[in-house]
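Let me begin by presenting the structure, written as C-alpha cells, before commenting on it.
Readers should treat all values here as calculations from the given coordinates under stated rules, not as data from a laboratory. Predicted model, so just to flag it, every value in this text is computed and none were measured. Heads up, the Cβs are rebuilt from the backbone with ideal geometry, glycines too, and the neighbour counts pull from every protein chain shown.
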Amino acid sequence: MPKTLLRAASAILLTLTVLNAPAAYADEPAPVAVTVNARAALATVPETGIGTNHAIWDTHLGSDETADKLKDAGVKLLRYPGGSYSDIYHWADHTAPGGYVAPNTDFDTFMRGVRRTGAQAMVTANYGTGTAEEAAAWVRHANVTKGYGIKYWEIGNENYGNGHYGAAWEADDHPDKSPAEYARHVVSYADAMKAVDPTIKIGAVLTTSANWPDGIVAAGDAGTWNQVVLSTAGRKIDFVILHWYPGALDKTSHVPDMIQLTREQIAKYAGPGSERIGIAMTEFNTGSSSAGTTTQPGALAAADAYATLLANGVFTVDWWNVRNGIGPVKEVEGHTDYGDFGLLSSATCTSDGTVCEPALNTPFAPYYALQMMSRFARPGDQFVRAAADEPKVAAHAARRPNGDLAVLLINTSSDTSYPATIDYSGFTPASGAPTVLTHTNGATAITTSTTGTATTQTLPPLSLTTIVLRPASPQTGLPDPPGRPTASDITDKTATISWPATSQGVKYEIHRQNGVISEQLGETTGTSFTVNNLKPGTRYTVNVIARGSGGALSWSSPPLTFTTGTPATSSCSVRLANQNDWASGYVGAIEITNHGAPMNGWTLTFTWPRRWQSLGSGWSATWSQTGSDVKAVNEPGNGSLPTDASTTIGFVGNYSGPNVLPTVFTLNGTVCRTQ
C-alpha cells in the first residue's frame, strides 16, 4: 500500500476511534461519593462485640483448631449451649432429653475452647425444662468451683416460641406459658444465681421489633411480651436479648429504629435505673438461604449488620453459629452455596450423598466478614457516621484511640467495580497510600496492600474493603472528650443538654447529627445548653465536643438521642391507640378533641415516620395517602365538632419494619397536643 494511502487509512481509523470513544466509556459507573464525619460519633466498640454461637451437637466444639480459627477471626464472645437446646439442656449430667448431644461438648470442654480463643463466655440457663436451683448450681460450678468468671447469663432462649402465641418450637414445661410467668421466673432465677455470685449479669428474652410475635397481646395478658417481661423483671435484669433473622440481605436500615424502640420500651417499663440495661443480639444470621448463607452475599450482609448493630450500641452480636451442617445447595454468584448457617464447614453431605461440604473447618464467606469486622472496628474504637450516595455501597467508619480512622466500604453489586471518592469532616488524613484490607467474591483470605489514596479507592464487585488512615498531624494535647450527655426539660421545640465537665476544655460545642452531616447547635463555656427551634415529634441525636485553649477539638462525646414532644397547649388534642397488632400491621384508633372554636368540617393530617409504613384502610372519615402523608377528612355525618367535643376515627396501618408510631397530628392546619 502506498504511504499516502497508509496515512489516509490511519487517519480514518484514528477518526473512527475518537468518534467511538464515548461508547467505550458509556457503561463505566460514576464515582460513588462517600462521606465520613468524624464529629458525628456513635457507640464505642465493646470488648464483646464480635461473637458467635457454639452448639452441643457439634463434636468439634472444643477442638484446638476450632478455637484457633475463631481467635483468628477476632471472636470475643462465645454463647453456649446452642439456641433452643438451651431449654432442654441439663449441664450437670450433660444431657438434653429429646435432642442430640455430641461427644466432647460438655461445659468444661466448651470453656477450655473459650479460653484458648481468648473470648468471654455467655451461658443460657435452662428455663423451659430447668429450675432456678439448677441455674444457680451452674453459676457455682463455673465461677466459684472453677473460677471461670463468666459474666453473662441468659434466662432461656426464644421462650415466646412456647405456643403461647400459636407457634411452638421452644420447650416449656410450665403449665402457664405467658410472659408474666416467664418474668416471675426470671426474678427467681436472678435472685438464686446472684446469691451465688453477685457480680454476674442476668439477661431476659425480648421479642425483636417488627418480628413475630412483637406487638401482639395474647388473650389474658396485660400487654405485649416485652411490656409484661420488663414491667415485672426489669429491676432484676442487666441486659435484654434479641434475635434477628431478617430473611433478606438489605434490612440494616431497620436497625436504628429496632434498637431505639427497644431502649424506649426498657425506659418505659423497666423502672428506675433502667439505663443500666444493655442490649445483646445473641443470635443473628441473614436467614436467607435463597440468597446465600455460605457465599459472598451473606458475608456482605453480615459485615453490614454487625457494623450497624454495634454502632447503635448493642454490646454483642453473635452469629448463628460456628457449625450448622449442609442445607439446600445452589449456585450463588459463581460459587456453591451449601445452605449452611455456620462459619466453618462441618464436612457434611446431602442426604443422598451427591454433594458434600469442603473439608472440616474450611471457612465460609461469613467467617471473613467477622474477621474483617474485627480488623476494622477494634474494642475501644468509636464508630462515626459514614454514608455513600450509591444504594449498592454501604459505608461505615470508626475512629481509633491513637487518632487513626478506619473506613469499611461494602460493594454489594454483582458486576460493577465502583470507583469511590471519600470526603472527610473532622479528620484530615495523612498523605500517601493508606493500608487497604480487601475480601472479594470467592477469596479464601483477606489481602493487605497499600493502594489508592485516602480520597480515592476502587471497590471490586461483591467486596469488603477497609481503609486504615493516619491523621495528618499528631493527636497530642487534645482535650478529653466529654462524657455522655443527658437531656432534660424537653418540650415540642426546646431541650436542655447537659454533660460532665472535661479536663482542658474551655468551650463546648453541641452538634446535631443530620444524617452524615453535623449541624452545630451552639457553644458554651458551661456544661449545659438549651437548644431552641426544634421540630415537634422529632428524634434528635447530638454529640458534645470540647475545645481547648489553643483551639484543638476533642473526640466527640457518646451520642445522646431524644425525641421532642408536641405542644403542651393547643386548640386540639389527639390520642392514638394501637388496638390490635399482628407484627406486620395494626388497628389504630385516633381520638380527636377540639379545644377551640366550634368546627363545621375538619381535616386531620399526619406523616408516616418510615418508608415501610402505609395506610391499609380507614373508617369514620375519608382517608387518603400521598407519598408518606396521610389525610383524614370528616364524613358528612361527623363534620360538626363543638368546643371540647371529641370524635374517633380508625385505620389499618401496615408495616414491614420497626413500627415507629406517628406523633405529630394537625387539625385544620394546627399542630395538636398528642396525649
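A few points about this structure:
- Subtracting the Cα-Cα distance of ARG575 and SER503 from 0.36 nm times their residue separation leaves 21.3 nm of extension gain.
- Antiparallel content of DSSP bridges confined to the stretch 46-376, in %, to 5: 20
- Relative contact order for the stretch 535-675: 29 percent, from Cα pairs under 8 Å spaced at least 6 residues apart, divided by residue count.
- Gyration tensor (alpha-carbon) shape descriptor, the chain, a/c threshold 1.5: rounded
- Zone of GLU47's modelled label, taken as backbone nitrogen in the stretch 102-129 under 13 Å from a point 7 Å along Cα→Cβ: 118-121
- FRET efficiency for the pair THR428 and THR145, taken as 1/(1 + (r/R0)^6) with r the Cβ-Cβ distance and R0 = 41 Å, rounds to 0.15.
- Adding -39500 (n - 2.57) for every DSSP H run of four residues or longer, then dividing by how many residues the chain holds, sets the calculated 222 nm ellipticity at -5500 deg cm²/dmol.
- For ASP176 and THR109, the FRET efficiency from 1/(1 + (r/R0)^6), where r spans their Cβ atoms and R0 equals 35 Å, is about 0.45.
- Anisotropy class assigned to the stretch 572-674 is prolate, per the alpha carbon gyration tensor with a/c at or over the 1.5 cut-off and a/b larger than b/c.
- Looking at the chain alone, DSSP beta bridges between its own residues are antiparallel in about 75 percent of cases.
- Pairs of Lys residues in the stretch 142-214 are counted when their Cα atoms are under 23 angstrom apart and they lie 8 or more places apart or on different chains; the count is 4.
- Remark: spin-label model distance ALA248-ARG184 equals 4.1 nm, labels positioned 7 Å along the Cα→Cβ axis.
- Within the straight-line cut-off of under 16 Å between alpha carbons, the lysines reachable from LYS535 are LYS493, sequence neighbours fewer than 8 places apart in one chain being disregarded.
- Coupling constants for the stretch 39-56 follow from the phi torsions by the Karplus curve (6.51 cos²θ - 1.76 cosθ + 1.60, θ = phi - 60°), and in residue order they are 7, 8, 7, 10, 6, 7, 5, x, 4, 9, x, 8, x, 7, 9, 10, 10, 6 Hz; glycine and proline get x.
- Taken about its Cα centre, the stretch 242-325 carries a charge dipole of roughly 120 debye when the Cβ of each Lys and Arg holds +1 and the Cβ of each Asp and Glu holds -1.
- Cβ-based charge dipole, the chain, positive-most Cα from VAL587, THR105, GLY166: VAL587
- Between ARG276 and ASP68, the simple spin-label model (points 7 angstrom out along Cα→Cβ) gives 4.3 nm.
- Computed P(r) (all Cα pairs; the stretch 174-322; 10 Å bins; percent): 11, 38, 32, 16, 2
- Selection among THR643, THR663, PRO609 by position relative to the dipole of the stretch 572-674 gives PRO609 as farthest towards the positive end (Cβ unit charges, Cα centre).
- Computed from point charges on the beta carbon alone (+1 for Lys and Arg, -1 for Asp and Glu), the dipole magnitude for the stretch 533-666 about its Cα centre is near 520 Debye.
- Near the amide H of THR435, within less than 5 Å, lie the amide hydrogens of VAL468, all on another chain or at least 5 residues away, with H placed in the peptide plane.
- Using C-alpha pairs below 8 Å separated by at least 6 residues, the relative contact order for the chain is 12 percent.
- Here each label is just a point 7 Å from Cα along the line to Cβ, and for GLU28 and ASP415 those points are 1.9 nm apart.
- Cross-link partners of LYS251 among lysines, defined as those whose alpha carbon lies under 24 angstrom from its own and excluding same-chain residues fewer than eight positions apart: LYS330, LYS392.
- Anchor LYS76: aspartates and glutamates whose Cα lies under 14 Å away (excluding residues fewer than 8 positions away in-chain): GLU47, ASP68, ASP318
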